[in-house]
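Student: Here it is, the structure in full.
Quick note: the coordinates plus some simple rules give every number you see, no bench work behind them. Keep in mind the model is a prediction, meaning the values are calculated, not measured. Here the Cβ is made from the backbone with ideal geometry for all residues, glycine too, and neighbour counts use every protein chain on show.
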Amino acid sequence: MVSIDNLTVSFGGWDLFSNISFLINPKDRVGLVGKNGAGKSTLMKVIIGQQPASSGGISKNSDCTIGYLPQQMKVADTTTLVEETAKAFEQLLILEREIAQLTEEITNRTDYESESYEKLLHRLNDKSDSFHILGGANRDAEIERMLLGLGFKRNEFQKPTKEFSGGWRMRIELAKLLLKRPSLLLLDEPTNHLDIESIGWLEDYLKDYNGSVLLISHDRAFLDNVTNRTIEILLGKTYDYKASYSKYVELRAERRQQQIATYNNQQKLIEKTEDFIERFRYKATKSNQVQSRIKSLERLDRVEVDDEDLSTLNMKFAQAPRSGQIVAEIKELGKSFEDKHVFSGAEVVIERGEKIALVGRNGEGKTTFIRLLLNEIQPTQGSIKLGHNVNIGYLAQNQDDLMDGDQTVFDTLDKVAVGDVRVRLRDILASFLFKGEDIDKKVKVLSGGERSRLAMARLMLEPYNLLILDEPTNHMDMRSKDILKHAIKQYDGTVIVISHDREFLDGVVDKVYEFRDGSMNEYLGGIYYFLEKRRVQNLRDIEIKDKATSNSDDGDKGAVGKLSYQQKKEAEKVIRKIQNQIDRSEERIMALEDEVQSWDVKLSSPEEHGLNLSDDSAFTQYEAIKKSLADEMHQWEQLNIELEATKE
């Protein structure tokens, strides 16, 4: 369908990639991977003709159409949401206008027997047929499905596009692109502006998409769920794997090990052959054998080991100064901006060492909650009380934009560094891949990834005990994200992170707060636990809608009955799963109650049990077990509430 043939792109005598070739076939789902700066976005621009190639070319079938979503783009601000999205159906809109004109002309004609009148009727019939073939009758339903899937609400459909933030306007462009259904979709970081639920919807949409998809993403879970092929750009070359991302990582490691083993074996053979040639070069009796070995070396297909880019971040947070056990206590917190209600009734207690994720649709209140914590804005209702000795380090989503573009990389850190750390600034910058002349670059010439690294380096200069990270993985490649994830897991302070990257959050956070429909809901578990619970809630939403549909539409009872049966089977699976979780929770409660009872006995007669009550460690252990029991009881109550709600 699309063929990349011996493509080379050079800048100032340096090859970004050289003589690369591959084919994109119908219905391919290709993940384009590589380090930041490897040339992924540039390759997409070459494919659509936005950037010329130095040599080689791109060829495609005559009926192939290409749609492209860049990381950043200019968006229109002159219409409403639904009107702007409808522009995806440009051909249908033209047909609609032509049909309206023909209909009006026919209405005003009275020469029903004339040849020109008959031609008008034929033209109207042809245009109407084309309109229906292109799906004109389903256009409004398609627009609604697309916008709802990408997170818009029905009451926003008539809202002017200029009132949406940049991230939401990018969603509008994505909706338009998907509705056009090109033969090949080129998507450059499509999840950057989506929340977790919208990412899940997009995954399902792309898996069933009738065309081909070439996408760039640093979201490992998204790549695994969508792609079946991975093309890696590494040091100017491409490597093609018929596998999704996680499998590609395994295959790549295996291939390199095989290359190294084959290379080492061949080097031993070459060394032995050269030794033989050198030893018997001047012996007449061995001349034939010597010549034979010389020719075999000349014919030998030399094995090469692929170069490997080993540059990675060296990231470690400073040890957190000890704060109070309660880091922040939030009571009945709410915030509104004039007529816009953001959220209310938030009840949160954040304890030392917790790692918390904030999730939800853009605009539901995540960043507003952070600004309230930072005391940048004041609540409309309720209160926030920070604990003893809490020192907050904040990485804003637009942190890179907050830096002075005219300062150098070195000066940006030097301005905030104090004490002994100033003599280690060059080493710190080197650990964040700023080496040599890089430290003298102006901030304004840095790429998005470089600015993110610099912002992270600046954050790590001070020993904070509460880190607030707003989309910290934006612009980070896979390896950098893995290193940041490891650094957060090893960090001994408290962390609040806003992110839509499930793979990044998995194993990092132990509590999730979702901002949804004006409230803040707590989930005691990791990110995949939260997603599982949300699917249960969505199932209940569907059942409620089905009840309303069955009550209002008696004419289609068969279809509704069939759908309800399928959902009933799904609900039964969910009920069994929740019941199993309740059973396991009850077992943990019994074990914890036994531990508490055992400690009660020990503390009632400490000398008999060898306890020194002057040492606080015994009481600390006792309180920790009691807290675990209270948390487990709360979890058990939530599971039972959820079970009853699912059975309804």
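Student: With label points built 7 Å along Cα→Cβ from the Cα atoms of residue 235 and residue 295, find their separation and express it in nm.
Tutor: Label at residue 235, label at residue 295, 3.5 nm between them.
Student: Okay, moving on. Using only helices, what value at 222 nm comes out for the chain when you add -39,500 (n - 2.57) per DSSP H run of length 4 or more and divide by the total residues, to the nearest 500 deg cm²/dmol? Intermediate values should be presented prior to the final figure.
Tutor: Values: 20 runs with 306 residues, N = 648.
My calculation for the chain gives -15500 deg cm²/dmol from helical runs alone.
Student: Could you tell me the number of lysine pairs in the range 323-438 with C-alpha atoms less than 28 Å from each other, where the two lysines are 8 or more residues apart or belong to different chains?
Tutor: For the range 323-438, the number of qualifying lysine pairs is 13.
Student: Give the peptides 141-153, 59-71 in descending order of average Cβ contacts within 10 Å, highest first.
Tutor: Ranking, from highest mean packing down: 141-153, 59-71.
Student: Continuing with the same structure: Can you give the % of DSSP beta bridges in the chain that are antiparallel, to the nearest 5? Present the calculation step by step, with values, prior to reporting the outcome.
Tutor: Values: 37 of 71 bridges.
If we restrict to bridges inside the chain, about 50 percent are antiparallel.
Student: Go through 247/511; 127/207; 602/626; 40/242; 60/444; 127/176 and tell me which ones have a Cα-Cα distance over 26 Å in this structure. Can you show the working numbers first?
Tutor: Values: 247/511 29 Å; 127/207 33 Å; 602/626 15 Å; 40/242 18 Å; 60/444 38 Å; 127/176 23 Å.
Among 247/511; 127/207; 602/626; 40/242; 60/444; 127/176, the Cα-Cα distance tops 26 Å for 247/511; 127/207; 60/444.
Student: While we're on this one: Placing +1 at every Lys and Arg Cβ and -1 at every Asp and Glu Cβ, with all other atoms neutral, what dipole size does the range 1-113 have around its Cα centre, in debye to the nearest 20? Before the final figure, lay out the partial values.
Tutor: Details: 10 positive and 14 negative charges, 202 e Å.
I would put it at about 960 debye.
Student: Could you give the distance between the Cα centres of the range 141-196 and the range 1-54, to the whole Å?
Tutor: 26 Å
Student: Along the Cα-to-Cβ line of residue 283, 7 Å from the Cα, sits a label point; which residues in the range 250-272 have backbone N less than 15 Å from it?
Tutor: Backbone N within reach: none found.
Student: Residue 109 to residue 411: extension gain in nm, 0.36 nm per residue of separation minus the Cα-Cα distance?
Tutor: Numbers: separation 302, 0.36 × 302 = 108.72 nm, distance 7.81 nm.
Extending this stretch completely gives an extra 100.9 nm.
Student: Hey, how many Å between the Cα centroid of the range 586-632 and the Cα centroid of the range 352-388?
Tutor: 34 Å
Student: Here is a follow-up. Work out the charge dipole of the chain with +1 on the Cβ of Lys and Arg and -1 on the Cβ of Asp and Glu about the Cα centre, then indicate which of 472, 48, 387 is farthest towards its positive end.
Tutor: Checked the options; the winner is 48.
Student: Taking a ≥ b ≥ c as the square roots of the Cα gyration tensor eigenvalues, with a/c under 1.5 meaning rounded and otherwise prolate when a/b beats b/c, else oblate, which class fits the chain?
Tutor: oblate
Student: Dipole of the chain (Lys/Arg Cβ +1, Asp/Glu Cβ -1, origin at the Cα centre): which of 89, 190, 17 lies farthest to the positive side?
Tutor: Working it through, the farthest residue towards the positive pole turns out to be 17.
Student: Another question, then. Charges at C-beta only: +1 for Lys and Arg, -1 for Asp and Glu. How large is the resulting dipole of the chain about its Cα centre, in Debye rounded to 20?
Tutor: Details: 91 positive and 109 negative charges, 499 e Å.
Computed about the Cα centre, the dipole is about 2400 debye.
Student: So, with +1 on the Cβ of K and R and -1 on the Cβ of D and E, and no other charges, what is the size of the charge dipole of the range 41-101 about its Cα centre, to the nearest 20 debye? Don't jump to the answer; show the numbers that get you there.
Tutor: Values: 5 positive and 7 negative charges, 74 e Å.
Dipole magnitude for the range 41-101 comes out near 360 debye.
Student: Still on this structure: Compute the length gained on full extension between residue 73 and residue 165: take 0.36 nm times their separation in residues and subtract their Cα-Cα distance, giving the result in nm to one decimal.
Tutor: Length gained, residue 73 through residue 165: 31.8 nm.
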